[in-house]
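Down below is the structure, laid out as structure tokens.
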Amino acid sequence: MTDTDRSVDGESGDPADSGSLSDDADPDAVDPEDVPEFGDLSIPQRAFVAAAQNPSRGLLVVGLFAFALAFYAAFWLSFPRAAGLLSGVALIVVAVAALVYWLLDRVSG
């Protein structure tokens, strides 16, 4: 019997082909009620889950963050007044976004 003749879904009648995968698995090992929903995770936990599911994308994001941080430091060294102004604007935008997020969380909950 070749590899292409073997059943992959366990529906073959040949006992050599179809070993039961559920014999070793414990159905009570993971309780579905204990598994949190993705929406219940915090932002760092979501980032960890996303990086664990696709490590190359996680490394790309870390590399882009490192580049952005280096660019920000160089921007501060080259144009301190413009960097200060843009950093202040960015802080205001982040504060407004956090306030809107907090308000929407209070209204929906």
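The values are calculated or read from the model by the stated rules, or taken from the named source; none is laboratory data. In this text, all values refer to a predicted model and were calculated from it rather than measured experimentally. Methodologically, a virtual Cβ is constructed for each residue, glycine included, from the backbone with ideal geometry; neighbour enumeration extends over all protein chains shown. The area values use the complete protein model at the heavy-atom level, side chains included, leaving out ligands, DNA and RNA. Shrake-Rupley method; radii C 1.70, N 1.55, O 1.52, S 1.80 Å.
For the reader, a short list of remarks on this structure follows.
- Scanning the stretch 64-109 for residues that are farther than 25 Å from residue 40 by Cβ and either in contact with a helix residue (DSSP H, G or I) (Cβ under 6 Å, 6 or more places away or on another chain) or assigned to a loop (DSSP other than H, G, I, E, B) (or both) turns up 75, 76, 79, 83.
- If the condition is being of a type outside the set (A, V, I, L, M) and either open to solvent by less than 80 Å² (accessible area, probe 1.4 Å) or at pLDDT 95 or above (or both), then the stretch 73-109 contributes 75, 76, 78, 79, 80, 81, 84, 87, 88.
- Qualifying positions in the stretch 20-70 - modelled with pLDDT of 85 or more, within 30 Å of residue 83 (Cα to Cα) and open to solvent by 80 Å² or more (accessible area, probe 1.4 Å): 44, 57, 59, 60, 61, 62, 64, 65, 67, 69
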